[in-house]
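Throughout, read-outs are computed from the coordinates displayed, never taken from laboratory work. Bear in mind that the values here come from a model prediction, so they are computed numbers and not experimental data. Cβ placement follows ideal geometry from the backbone for every residue including glycine, while neighbour counts extend to all protein chains displayed.
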Amino acid sequence: MPGQLIVDESDVIHAARCLKAMSHPLRLKILCTLGKGPASVQEILEQVGTTQSNVSQHLAILREKGLLSFDKQANRVYYRIDDPRTVQLIEMIRAVFCHAGKFPM
């Protein structure tokens, strides 16, 4: 017997919106980086390995979808995941999809 499914329409919409935001590989990488704690744009760049404009675009999407918040300190911006459930979801994704062997597609 499967676990409890989502039945409330507003919960379905919220979940789909968050999952859509997380579904891009670079955005998921950014969230994995921020799952360890707040990070500056420069620190995120070092972890994900792409251009600053590309990271900034995806950070904006994650902010717009309500997955991230940020603080400005002097000339740096630090991003963080506010909702611990987002980190829990990333941990579950890792548990389901990440292992030593290749996942069949």
Discussion item. Can you compute the charge dipole magnitude of the chain about its Cα centre, using +1 on each Lys and Arg Cβ and -1 on each Asp and Glu Cβ, nothing else charged? Give it in debye, rounded to the nearest 20.
Written reply: 320 debye
Worksheet item: Hey, if you put +1 on the Cβ of every Lys and Arg and -1 on every Asp and Glu Cβ in the chain, which of L19, T50, C32 ends up farthest toward the positive end of that dipole?
Response: T50
Fill in: Computed lengthening from D8 to L26, 0.36 nm per intervening residue step minus Cα-Cα distance
3.5 nm
Discussion item. Amide H of L68 versus every other amide H placed in the peptide plane: which residues, excluding those fewer than 5 positions away on the same chain, fall under 5 Å?
Written reply: R63
Worksheet entry | For the range 84-95, 3J(HN,Hα) per residue [Karplus equation, 6.51 cos²θ - 1.76 cosθ + 1.60, θ = phi - 60°, Hz, x = Gly/Pro] | x, 5, 5, 5, 4, 5, 4, 5, 5, 4, 4, 4
Discussion item. Whole angstrom only: what separates the Cα centroid of the range 25-43 from the Cα centroid of the range 45-105?
Written reply: 4 Å
Worksheet item: Given Cα pairs under 8 Å that are at least 6 residues apart, what percent is the relative contact order of the range 25-97?
Response: 34 percent
Worksheet item: Based only on Cα atoms, what Rg/Rh ratio does the range 25-97 have, Rh being taken as Kirkwood's radius?
Response: 0.95
